[in-house]
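Note sheet for the following structure.
The values are calculated or read from the model by the stated rules, or taken from the named source; none is laboratory data. Note that the structure is a prediction, hence the values are computed from the model and not measured. We place every Cβ from the backbone using ideal geometry, glycine too, and count neighbours over all the protein chains shown.
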Amino acid sequence: MQNLLPPTLIGSDTNQKRREILDYFRNGYALFESLFDLLADDEVFYRQSEPTRHPMIFYFGHTAAFYVNKLMLVGLIERRINPHFESIFAIGVDEMAWDDMSDPHHGWPEVAQVRSYRAKVRSLVESLIETLPLSLPIKEEDPFWVILMGCEHERIHIETSSVLHRQMPLEWVRQDARFTPCAQSGVAPFNDFVRIEAGVAELGKGREHHLYGWDNEYGMAHKEVAAFEMTRFLISNGEFLPFVEEGGYETMRFWDEEGRRFLELRSAKHPVFWVREGSAWKLRVLDRLIEMPPDWPVEVNYLEAMAYCRYRGEREGTPYRLMGEAEWMRLRDHCNLDDVPQLDASAFNLNLEHFASPSPVNRFTCKGIGDVMGNVWQWTQSPIEGFEGFAPHPLYDDFSTPTFDGKHNLMKGGSFMSTGNELMRFSRYAFRRHFYQHAGFRMLKGAAVSFDTDIYESDALVAQYCAFQWGEEYFDVENFAVKCARLAIGYTLDIPVARALDLGCATGRASFELARHFESVTGIDFSARFIAVATRMQEQGEIVYERLEEGVISSVQRRSLEELSLLHVREKVQFWQGDACNLKPQFMGYNLIMATNLIDRLYDPALFLNTIHERLEGEGILVLTSPYTWLEEYTPKERWIGGYVDEQGAEVRTLEGLKALLLSHFELLDTHDVPFVIRESARKFQHSIAQMSVWKKLKIEN
């Protein structure tokens, strides 16, 4: 299958650009589905390649559901294709603490149903590409940006799903001529060191760039890079073999603390794709087992790569490390490589241009250096972080920010399976250090660099919410999260207190406060940026965030569960990322649901309110708060439930709108005004008043 290079955002002919995008969409959609043709039968779709990942049926539905969820969010479609599918296939791919890997929570649909769903999504997207307004250049706020986001998201999953396929038992897959591995192998070449001269690495790109980008690619970063010496080729299977056979996986001095945890959890004795048969090693490729090719790059995770560097360093008396992101960019510039669309992808083992597997490390060279791009990804020592000017994209704020935790390292250069944005100069992908990808490494001379792992929250909005929920009180106004939880608990004194749901939980303070009274509390927020903070507080018992003082002056603040007498309740709280308008089916059976300052930030508040009673047990309590600041950037005006003048000229207030939607299932118990203060800087504050309305679910008569 021929894979297309990504379309540019520029041009003068909109009809031609539509055709380019349509072809690109169809190409990626078909390639993704063809990968799942490798599964031996439908039963395999319900099996897991590894315990930290979902069954394959999730990934098969996920990329299609992604299109619908983003199109709904931006208002390009008004109706979902299948709300249930778009809930269960929505989130859960990178082993985040809030990912749901528990199979019993899901009633996975039949494969045929998902195939039918994918066909409907394909027709929808094709229709939108043919009819949506298009102007050039395409900008981040344009409708076609959402389409391109879906295209690139699917191409990421082409690669990550292929990695999961390689980890399946061989009897779960079947051979397919469309995914033929390289037939060339031989003795591992001598791997000497080459010198790359000092220079400046340009790492970030501007918003005007002519190619689609993920949010972490934008911003400014120019780094002075000293001259360095690196291996001419990627480390090969043949080079890595002595490390395995000399007991490298059992020699703890080669592994750091994180590496030793990995060894303990995985019981790893060799690279994941290596298979021992008698006295011989074989290599698992996508759909078959082949004789071990000594001259192909070894594929390992970051922890294994660093252990090998320590092993070689000890043996040779020279410290070795992995390259950094800036050094990889200097290597790329040294070879004068073009960017898409001028990039000659056929000159590298990329884009499935040649093989559906790695190839010899000296097969594709540039200025005598092997695999500057392609073959397998190259691990770097650089944890991913945002550049100056970074801002998460509002449609996909959980693409990058959850990885800015010091636990995800960048990989550069792409692999044989990489397509789309992964081929671009400024692309940046990072994975947890124990994750497997089609990834290897080359060594640099020099001691490993230490990075600051004391991550503090500097995202301006998230840091502000940290201060709002966890920081000081001002002007004698009680902490809003604490007060809302206290008031809500007051209405539950005569009902069971088994489970509470905190919707729009932000950084989690109210969830912990509810756990003082409830046996179990679920905190859900749409923003992964907020959930990451709440989860960090639960796991570590502490958060660190940046508080603006004035101008560019800020201070670092620490808050802990212990100082707030909440340490004893943290095991009772769970945090999840989710869409309040389309929650997953397992979020049911609550005695209290509290949704604070949420309804005027939903894309369809009526959809949320019309079904929320189904998630309450018995005569459960619903608590809503909102300052009723309706804005079209969050909610289309035709979906406001208050704050507007109707066709007869009557003013419609939000409380009346709430009554119209809720009184068929609830009794209104009470309303309160709840003031709150948000600190913007040392001398600037927002003072607002939310209305709290308290609703009791009506008793169902038999």
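Return yes or no: is Ala307 of a type in the set (Gly, Ala, Ser) and modelled with pLDDT under 95? Steps first, please.
Working: of a type in the set (Gly, Ala, Ser): yes; modelled with pLDDT under 95: no.
Taking the combined requirement at face value, the residue does not satisfy it.
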Problem set entry | Unique residue being in a helix (DSSP H, G or I), of a type in the set (Val, Ile, Thr) and farther than 30 Å from Arg232 by Cβ when the list is Ile138, Ile147 | Ile147
Exercise. If you go through region 302-319 one residue at a time, how many are within 10 Å of Phe441 (Cβ to Cβ) and not aromatic (Phe, Trp, Tyr)?
Worked result: 4
Problem set entry | Which listed residue is of a type in the set (Asp, Glu) and either in contact with a strand residue (DSSP E or B) (Cβ under 7 Å, 6 or more places away or on another chain) or modelled with pLDDT of 90 or more (or both), from Asp398, Asp405, Asp452 | Asp398
For this session: Among the helices (runs of 4 or more DSSP H) lying completely within region 419-530, list those that include at least 1 residues that are in contact with a Gly (Cβ under 8 Å, 6 or more places away or on another chain), farther than 30 Å from Glu316 by Cβ and not assigned by TED's automatic domain parsing to the domain that holds His210.
Result: 460-470, 509-514
For this session: Among the candidates Glu304, Glu314, Glu291, single out the residue that is of a type outside the set (S, T, N, Q), at negative phi and surrounded by 21 or more Cβ atoms within 10 Å (Cβ to Cβ).
Result: Glu304
Problem set entry | Set Ser400, Ser382, Ser357: member being in contact (Cβ under 8 Å) with a residue 12 or more places away in the chain, surrounded by 21 or more Cβ atoms within 10 Å (Cβ to Cβ) and in contact with a Cys (Cβ under 9 Å, 6 or more places away or on another chain) | Ser357
For this session: Tell me which residues, restricted to region 535-552, are among the β-branched types (Val, Ile, Thr) and touching a Ser or Thr at 6+ places or on another chain (Cβ under 9 Å).
Result: Ile543
Exercise. Restricting the first residue to region 324-339 and requiring it to be assigned by TED's automatic domain parsing to the domain that holds Leu410, which pairs with a second residue that is small (Gly, Ala, Ser) and surrounded by fewer than 21 Cβ atoms within 10 Å (Cβ to Cβ) meet a Cβ separation below 6 Å and a spacing of at least six or different chains?
Worked result: Ala326/Ala201; Met329/Ala201; Arg330/Gly199; Arg330/Ala201
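For every residue, the table says whether it meets (1) at pLDDT 95 or above; (2) crowded, with 22+ Cβ neighbours inside 10 Å; (3) among the basic types (Lys, Arg).
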| site | (1), (2), (3) |
| --- | --- |
| Tyr456 | no, no, no |
| Ala460 | no, no, no |
| Gln469 | yes, yes, no |
| Tyr474 | yes, no, no |
| Cys484 | yes, yes, no |
| Cys505 | yes, yes, no |
| Gly523 | yes, yes, no |
| Gln540 | no, no, no |
Exercise. When you scan region 187-237, how many residues do you find that are over 26 Å from the mean Cα position of the chain (by Cα) and outside any strand (DSSP E or B)?
Worked result: 15
Problem set entry | Criterion: surrounded by fewer than 19 Cβ atoms within 10 Å (Cβ to Cβ), without any contact (Cβ under 8 Å) to a residue 60 or more places away in the chain and not in a helix (DSSP H, G or I) - qualifying residue of Glu647, Glu617, Glu638 | Glu647
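Step by step: first the residues of region 175-202, then only those that are over 30 Å from Gly238 (Cβ atoms) and surrounded by 14 or more Cβ atoms within 10 Å (Cβ to Cβ), then the one that is modelled with the lowest pLDDT. Which residue is that? If you could, list the steps in order and put the result at the bottom.
Filtering region 175-202 for residues over 30 Å from Gly238 (Cβ atoms) gives 198-202.
Next, from what is left, pick out any that are surrounded by 14 or more Cβ atoms within 10 Å (Cβ to Cβ): 199, 201-202.
Details: Gly199: 96, Ala201: 96, Glu202: 93.
Applying the filter and picking the extreme gives Glu202.
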For this session: Please specify each residue of region 621-654 satisfying the condition of being at pLDDT 95 or above and of a type in the set (S, T, N, Q).
Result: Thr625, Ser626, Thr629, Thr654
Exercise. Since Trp630 meets every condition but one in (1) on the phi > 0 side of the Ramachandran plot; (2) within 36 Å of the chain's Cα centre (by Cα), which condition does it not meet?
Worked result: (1)
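Under the condition of being assigned to a helix (DSSP H, G or I) and more than 30 Å from Leu331 (Cα to Cα), which residue from region 238-263 is farthest from the chain's Cα centre (by Cα)? Even if it seems obvious, please write down each step before you answer.
Restricting attention to region 238-263, the residues satisfying the condition of being assigned to a helix (DSSP H, G or I) are 238-245, 252-254, 257-263.
Now narrow it down to the ones that are more than 30 Å from Leu331 (Cα to Cα): 245, 252-253, 257, 260-263.
Details: Glu245: 37, Met252: 32, Arg253: 33, Glu257: 25, Arg260: 26, Arg261: 23, Phe262: 22, Leu263: 25 Å.
Only one residue fits best here, namely Glu245.
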